[in-house]
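All remarks here apply to the structure that follows.
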Amino acid sequence: MRQGQRCSNSKFNSSIGVILAAVGSAVGMGNIWLFPYRVGQYGGGAFLVPYFLFVALFSYVGLSGEFALGRLTGCGTRGAFDYALQTRGRRGGSLIGILPVLGVLGIAIGYSVVVGWVLNYTVGSLTGAVLTTDAADYFGTLAVSFGSVPWHLIAVTATAVILILGVSAGIEKISKFMMPVFFLLFLIIAVRVALLPGAAAGYRYLLAPDWSFLRKPETWVMAMGQAFFSLSINGAGMLIYGSYMKKSEDIVHHSVMTALLDTLAALLAGFAILPAVFSFGIAPNSGPALMFITLPRVFQQMPGGRVLAVLFFLSVLFAGITSLINMLEAVSDCLGQGLGLPRTLSTLLVGAVVFGVGLFLEALPDMGAWMDLITIYIAPFGAVLGAVFIYWVLGLGPLRQELMLGRERPLWRGFGLLAHLYVVLTAAVWVLGIVYGGIG
């Protein structure tokens, strides 16, 4: 991409549309099936201290940086990287920019399988099938090879249709509907669960602090990983949304609001899930088993459980779709700009790849192994490249100017120091993820 040349003229229409689209990207399965368990596992309220610190840092510097590079260049990752490298008199940024996009594509492939499962559970909750069948057996017949083909296909097709409608008519409109409904439904569930006998044990598990965990390095490592991955920092997804922002938007404000709402979603998930689990004497766990086996068993025993199951899986479906929208948008933009394809064709091609590869990953062990490979080795490396290109290749000068557009208050004086720290911590997330076998 030549400096001064913009890749796309598409824009979000409103500030709330920008924020809710970004929140939709950030809020996902990690908020729901990992965050509550991890909080309880690493000291309850004590875990929240490093988690909040890392969320503040990664949103203020990481999200802001990705948004700013996207808006500055008006491009997705390939064009943005190319622009940054050309400021150093070098070429090849567009080729390097493919790497973060491949990481996002890999996540989208596995994620689409999970969204298909959630869609099945949403319909199964409506019909009552989820609550009249043993939860392990129900999930066992779904999470097998070619066990979720129609649901998987519907999930990918629906996402592609939304993207074909465009940025403002598709991504923005659906995010402005789905994300408020997500929060409302989870709030309803959390209030209902609070009335269950024995729910207090779940709150203690989630919030009662064991300060000794702050002396354990692993607590800080897991908090860093949870915060990093929860904010959807990957060098591609938030960057493409940044390219759709108007120059009048306050990027730093939007980054902070995205982090606040994402954190609220994680806490709401904890308040909705753990008190219910403890109320019925079921051991908490993490991952797909929590959402697809443990919680259906809880709903089976609760008064009004069928209604709550519908509300829960519908809200999770909305979170999954809005995250998948961001992933497919980043990849289809890359393909479209690289090959000069119209939006509809590039979206359909990416959707076909996501579904076609995911078709062979519908068994839980296969999907798990795939996601471990992508989220431990490939996607975090793309995030490292993004951080390096933003703050060490393009540099702080142009980023500061872009971040000050639409903003009255100056950036914090120590922003530059935080930016360099962010690059180092992003590399640490990648390395420590490999060492620990996954930290987010």
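The values are calculated or read from the model by the stated rules, or taken from the named source; none is laboratory data. In this text the structure is predicted, and so the values were computed from the model without any measurement. Here the Cβ is made from the backbone with ideal geometry for all residues, glycine too, and neighbour counts use every protein chain on show. Protein only, heavy atoms only, side chains kept; ligands, DNA and RNA dropped before computing areas. Shrake-Rupley method; radii C 1.70, N 1.55, O 1.52, S 1.80 Å.
Write down the accessible area per residue of the stretch 130-251 in Å², having rolled a 1.4 Å probe over the full set of protein chains. Intermediate values should be presented prior to the final figure.
On the way: 4960 Å² over 122 residues.
For the stretch 130-251, the per-residue accessible area is 41 Å².
Cysteines in the chain that lack a partner Cβ within the 4.7 Å cut-off: Cys334.
Only lysines eight or more places from Lys11 in sequence, or on another chain, were considered; those with a Cα closer than 25 Å are Lys173, Lys176, Lys246, Lys247.
Please report, as a whole percent, how much of the solvent-accessible surface of the stretch 361-405 comes from carbon and sulfur atoms (probe radius 1.4 Å). Heavy-atom surface of the stretch 361-405 belonging to carbon and sulfur, 1.4 Å probe: 74 percent. Here the stretch 90-161 is treated as a sphere whose radius is the Kirkwood value from Cα pairs; by Stokes-Einstein at 4 °C and 1.567 mPa s it diffuses with a coefficient of 92 µm²/s.
Run the Debye formula on the Cα coordinates of the stretch 229-319, all scatterers equal and no solvent, and tell me log10 I(q)/I(0) at q = 0.18, 0.20, 0.23, 0.24 1/Å. Each listed q corresponds, in turn, to -0.87, -0.98, -1.18, -1.25.
Would you work out the charge dipole size for the chain about its Cα centre, treating the Cβ of every Lys and Arg as +1 and the Cβ of every Asp and Glu as -1, and quote it to the nearest 20 debye?
So the dipole magnitude of the chain works out to roughly 1020 debye.
Taking 0.36 nm per residue of separation and subtracting the current Cα-Cα distance, fully stretching the chain between Leu184 and Ser168 would add 3.4 nm.
Ellipsoid semi-axes for the chain, based on the Cα gyration tensor and the rule √(5λ), read 34, 25, 19 Å when sorted largest first.
Site pair Glu408 and Ile434 shows an inter-label distance of 4.8 nm when each label is modelled 7 Å from Cα along Cα→Cβ. For the stretch 324-435, the Cβ-based charge dipole about the Cα centre amounts to some 540 debye (Lys, Arg positive; Asp, Glu negative; other atoms uncharged).
Per-residue extension of 0.36 nm, minus the Cα-Cα distance of Ala194 and Ser212, leaves a gain of 3.7 nm for this segment. Alpha-carbon geometry of the stretch 138-266: the Rg and the Dmax are 19.5, 52 Å, given in that order.
Would you mind checking the tilt of helix 98-127 against the longest principal axis of the Cα atoms of the chain, expressed as 0 to 90 degrees and rounded to 10? Roughly 30 degrees, rounded to the nearest 10. The equivalent ellipsoid of the stretch 322-430 has semi-axes of 33, 21, 12 Å, largest first, where each one is the square root of 5 times an eigenvalue of the Cα gyration tensor.
Shape descriptor for the stretch 78-132: Rg over Rh equals 1.46 (Cα atoms; Rh from the Kirkwood inverse mean 1/r).
Positive-end ranking of Phe139, Pro209, Phe186 along the dipole of the stretch 118-228, with charges on Cβ about the Cα centre, is headed by Pro209. Rolling a 1.4 Å probe over the heavy atoms of the protein chains gives the stretch 339-411 an accessible area of 47 Å² per residue.
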